[in-house]
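The values are calculated or read from the model by the stated rules, or taken from the named source; none is laboratory data. Just so we're clear, the structure is a prediction, and the values are computed from it rather than from any experiment. With ideal geometry, Cβ positions are generated from the backbone for all residues, glycine too; neighbour counts draw on all protein chains shown.
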Amino acid sequence: MAKSATLYRFQLDLSDIDRSVYENLDLRVACHPSEDCERLVVRVLARVIAYEEGLDFGRGLSNPEDPALLTRSAHGDIETWIDVGCPGAERLHRASKAASQVRIVTHKPVHVLRKEWSSRAVHRADSIEVIRLPPEFVRDLAAELKRNIHWYITIQDETISIVDGDRDFDATLNRDTLASIAAGHP
């Protein structure tokens, strides 16, 4: 019998001072059986970092053509496409043709990203934003994951701070473009 998804509840108090966004989010997020906790954490952090009205999770890993997060136009077209981890160059090429804005939120090492993304030309690679999180930051958050989570999240001056009970987690948000990473810069 196939394993079923595990449901997590995230209560997130977001203060994104850089963008003047102050929201209380109550999310129920399904973790696919093939998804590890680190990827789940990156998906939730991507939802917070890129917060905008209408941003929602895609249909999940069982629908491989869907982005991890997206916004749609009034006509149902994808406007914002956000992937996590290290999506393939071919996938990003298709995404940049399908959506007006493409972002990636990742905790993967730069050399892994560079190897994947320099394998072929990606449409509008210079406009695809890549937000890199330190792997240890994601790993530490994933290690503390419970089924019910309440995080206080502050984003200011490209730093994300998360308070989880009596634990504090801080990291720098490193922003690049896919083109700069593929070319060997940063």
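Taking residue 114 as the residue in question, decide whether it is surrounded by 16 or more Cβ atoms within 10 Å (Cβ to Cβ), over 9 Å from the mean Cα position of the chain (by Cα) and among the basic types (Lys, Arg).
Details: surrounded by 16 or more Cβ atoms within 10 Å (Cβ to Cβ): yes; over 9 Å from the mean Cα position of the chain (by Cα): yes; among the basic types (Lys, Arg): yes.
Yes; evaluated as a whole, the condition is true for this residue.
If residue 67 satisfies every condition in (1) crowded, with 23+ Cβ neighbours inside 10 Å; (2) touching a residue at least 40 places away in the same chain (Cβ under 8 Å) but one, which is the exception?
Among (1) crowded, with 23+ Cβ neighbours inside 10 Å; (2) touching a residue at least 40 places away in the same chain (Cβ under 8 Å), residue 67 violates only (2).
May I ask you to list the residues in region 100-121 that are of a type in the set (A, V, I, L, M, F, W, C), closer than 26 Å to residue 54 by Cβ and either at pLDDT below 95 or in contact with an Asp or Glu (Cβ under 6 Å, 6 or more places away or on another chain) (or both)? Please lay out each step first, then the result.
The initial filter retains those residues of region 100-121 that are of a type in the set (A, V, I, L, M, F, W, C), namely 102, 104-105, 110, 112-113, 117, 121.
Those left that are additionally closer than 26 Å to residue 54 by Cβ: 102, 104-105.
Selection gives 104 alone.
Listed here are the residues, each with its yes/no results for (1) touching a Ser or Thr at 6+ places or on another chain (Cβ under 7 Å); (2) at negative phi; (3) not aromatic (Phe, Trp, Tyr).
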site	(1), (2), (3)
3	no, yes, yes
6	no, yes, yes
28	no, yes, yes
39	no, yes, yes
43	no, yes, yes
49	no, yes, yes
57	no, yes, no
76	no, no, yes
80	yes, yes, yes
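Which of the residues that make up region 17-64 are buried (at least 16 other Cβ atoms within 10 Å of the Cβ), of a type in the set (A, V, I, L, M) and closer than 22 Å to residue 175 by Cβ?
41, 42, 44, 45, 46, 48, 49, 50, 55 - these are the residues of region 17-64 that are buried (at least 16 other Cβ atoms within 10 Å of the Cβ), of a type in the set (A, V, I, L, M) and closer than 22 Å to residue 175 by Cβ.
What's the total number of residues in region 125-168 that are of a type outside the set (Asp, Glu) and surrounded by fewer than 18 Cβ atoms within 10 Å (Cβ to Cβ)?
Our first condition is that a residue be of a type outside the set (Asp, Glu); within region 125-168, this holds for 125, 127-128, 130-135, 137-139, 141-143, 145-156, 159-163, 165, 167.
When the remaining residues are screened for being surrounded by fewer than 18 Cβ atoms within 10 Å (Cβ to Cβ), the result is 127, 134-135, 139, 142-143, 145-148, 150, 152, 154, 156, 159, 161, 163, 165, 167.
Of the residues in that region, 19 qualify.
Of the residues 176, 140, which is acidic (Asp, Glu) and assigned to a strand (DSSP E or B)?
Values: 140 fails: assigned to a strand (DSSP E or B).
Matching residue, one of 176, 140: 176.
Determine whether residue 83 is of a type in the set (Asp, Glu) and touching a helix residue (DSSP H, G or I) at 6+ places or on another chain (Cβ under 9 Å).
Yes: the conditions hold for residue 83.
What is the residue count in region 160-172 for residues that are within 19 Å of the chain's Cα centre (by Cα) and either among the small types (Gly, Ala, Ser) or under 11 Å from residue 129 (Cβ atoms) (or both)?
Residues meeting the conditions: 2.
Which of the residues that make up region 176-186 are free of Cβ contacts under 8 Å to residues at least 60 places away in the same chain, surrounded by 13 or more Cβ atoms within 10 Å (Cβ to Cβ) and not hydroxyl-bearing (Ser, Thr, Tyr)? Explain how you work it out, then say what you get.
Let us first name the residues in region 176-186 that are free of Cβ contacts under 8 Å to residues at least 60 places away in the same chain, namely 176-177, 179-180, 185.
Imposing the further condition that a residue be surrounded by 13 or more Cβ atoms within 10 Å (Cβ to Cβ) reduces the set to 176-177, 179-180.
Answer for region 176-186, where residues must be free of Cβ contacts under 8 Å to residues at least 60 places away in the same chain, surrounded by 13 or more Cβ atoms within 10 Å (Cβ to Cβ) and not hydroxyl-bearing (Ser, Thr, Tyr): 176, 179.
Kindly indicate which of 12, 40 is closer than 23 Å to residue 136 by Cβ and in contact with a Cys (Cβ under 6 Å, 6 or more places away or on another chain). Give the steps one after another, and end with the answer.
Numbers: 12 fails: in contact with a Cys (Cβ under 6 Å, 6 or more places away or on another chain).
Only one candidate passes the filter, namely 40.
Determine whether residue 55 is within 17 Å of residue 148 (Cα to Cα), among the hydrophobic types (A, V, I, L, M, F, W, C), touching a Leu at 6+ places or on another chain (Cβ under 7 Å) and modelled with pLDDT of 95 or more.
On the way: within 17 Å of residue 148 (Cα to Cα): no; among the hydrophobic types (A, V, I, L, M, F, W, C): yes; touching a Leu at 6+ places or on another chain (Cβ under 7 Å): yes; modelled with pLDDT of 95 or more: yes.
So residue 55 does not fit the description; no.
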